[in-house]
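The values are calculated or read from the model by the stated rules, or taken from the named source; none is laboratory data. As the structure is a prediction and not an experimental result, all values here were calculated from the model. A quick note on method: Cβ atoms are made from the backbone with ideal geometry, for glycine too, and the neighbour counts reach across all protein chains shown. All accessible areas refer to the heavy atoms of the entire protein, side chains included, with ligands and DNA or RNA removed. Shrake-Rupley method; radii C 1.70, N 1.55, O 1.52, S 1.80 Å.
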Amino acid sequence: MLEIVKPGININFIKLRRIAFTFSALVIGVGLLSLLMKGGLNYGIDFTGGLMVHVGFEDEISIGQVRSAVDDVGLGDISVQEFGAQGHEYLLRVPSGDSSVGGGRAATIKEALRDSLPGSGFEELRTEIVGPRVGKELRRRGILSVLFATLMMGAYIALRFQLRFGVGAGIALLHDVVVTIGALSLANVEIDLSVVAGLLTVVGYSVNDTVVVSDRIRENMKKFSRDDMGLLINTSINETLSRTVLTTGTSLLVLFALFFVGGGVIHGFAYTLIIGLSVGTYSSVFIASPVVEYMKGGAR
């Protein structure tokens, strides 16, 4: 097996736990501050209800031209956002709590674009219409699914290993989700169903990393039962460090490729996974394992 980390390395991760806890608290604080200042997350049409029309042009069309084309269609404030290749694709949104939002309004917008920008190679790429009640229900279910997955993963670790491992994993998973949501707020990423899928993937990946470290700690507890718990945890993390770096590193290579060349449709999903996988690897070493040591009473 390829060894990225030098065999026999002995980094004292437990000694760094207070620095890690402080760092995590600062990152979480910045994310929460961002949420407070922005009044919450930037929910997309999936969760707020409304109309979204994704259009493209063969020619380069400025955002001002698109806004001018739809200014007088009588649908209120239409949000226009550049998307994908600059000057060629745009998202037009009509957020609304009005259940009458429908295909007629989408047709009005497309007709205005065709009439105002003739010969531009206008093309409708997709249209999404979500009623406000459906959006509210999707938001509730999305939040519950992430919370439920986090609780179930923590319970699974507790049953498979010991209660302290489950508590450590649960705290680490909660940490990962909160940090990732804060990062989404800081980057003003729109929260849609693909981002929720990304958060659920982060929970699964993070618990997988925690299981690997916990499993090695349990094995070493049987081999060296008289050793100090902090020493056992340090040894276990160092023994799995090469695997952790390789797994996370190769996963991030794929995700960065998706983020930069995968197109705007999956930007939110790829961004969520890049942040979540990085934080999940960090938390399995600096959050979950130190919590196990604290619950053993070995912290000093």
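Computed quantities for the displayed model
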item: Cβ pairs under 6 Å, 6+ apart, first in region 201-220 and at pLDDT below 85, second acidic (Asp, Glu) and part of a helix (DSSP H, G or I); result: SER206/ASP176
item: Selected residue [β-branched (Val, Ile, Thr), in a helix (DSSP H, G or I) and at negative phi] from ILE28, ILE11, ILE61; result: ILE28
item: Meets criteria (part of a helix (DSSP H, G or I) and either open to solvent by 10 Å² or more (accessible area, probe 1.4 Å) or in contact with a His (Cβ under 9 Å, 6 or more places away or on another chain) (or both)) for LEU36; result: yes
item: Residue within region 136-152 that is in a loop (DSSP other than H, G, I, E, B), among the aliphatic types (A, V, I, L, M) and open to solvent by less than 80 Å² (accessible area, probe 1.4 Å) present; result: no
item: So GLY268, is it modelled with pLDDT of 85 or more, out of contact with any helix residue (DSSP H, G or I) (no Cβ under 8 Å at 6 or more places or on another chain), in a helix (DSSP H, G or I) and open to solvent by less than 40 Å² (accessible area, probe 1.4 Å); result: no
item: Options LEU241, LEU258, LEU232; residue that is farther than 30 Å from GLU128 by Cβ, without any contact (Cβ under 8 Å) to a residue 24 or more places away in the chain and aliphatic (A, V, I, L, M); result: LEU232
item: Some residue of region 223-240 being at negative phi, out of contact with any Ser or Thr (no Cβ under 6 Å at 6 or more places or on another chain), β-branched (Val, Ile, Thr) and open to solvent by 30 Å² or more (accessible area, probe 1.4 Å); result: yes
item: Residues located in region 126-135, provided they are open to solvent by less than 60 Å² (accessible area, probe 1.4 Å) and either in contact with a His (Cβ under 9 Å, 6 or more places away or on another chain) or in a helix (DSSP H, G or I) (or both); result: THR127, GLU128, PRO132, GLY135
item: Hey, PHE161 touching a Lys or Arg at 6+ places or on another chain (Cβ under 7 Å), of a type in the set (Phe, Trp, Tyr) and either in contact (Cβ under 8 Å) with a residue 12 or more places away in the chain or surrounded by fewer than 21 Cβ atoms within 10 Å (Cβ to Cβ) (or both) or not; result: yes
item: Subset of region 195-222 that is more than 23 Å from the chain's Cα centre (by Cα) and open to solvent by 60 Å² or more (accessible area, probe 1.4 Å) - its residue that is farthest from VAL285 (Cα to Cα); result: LYS222
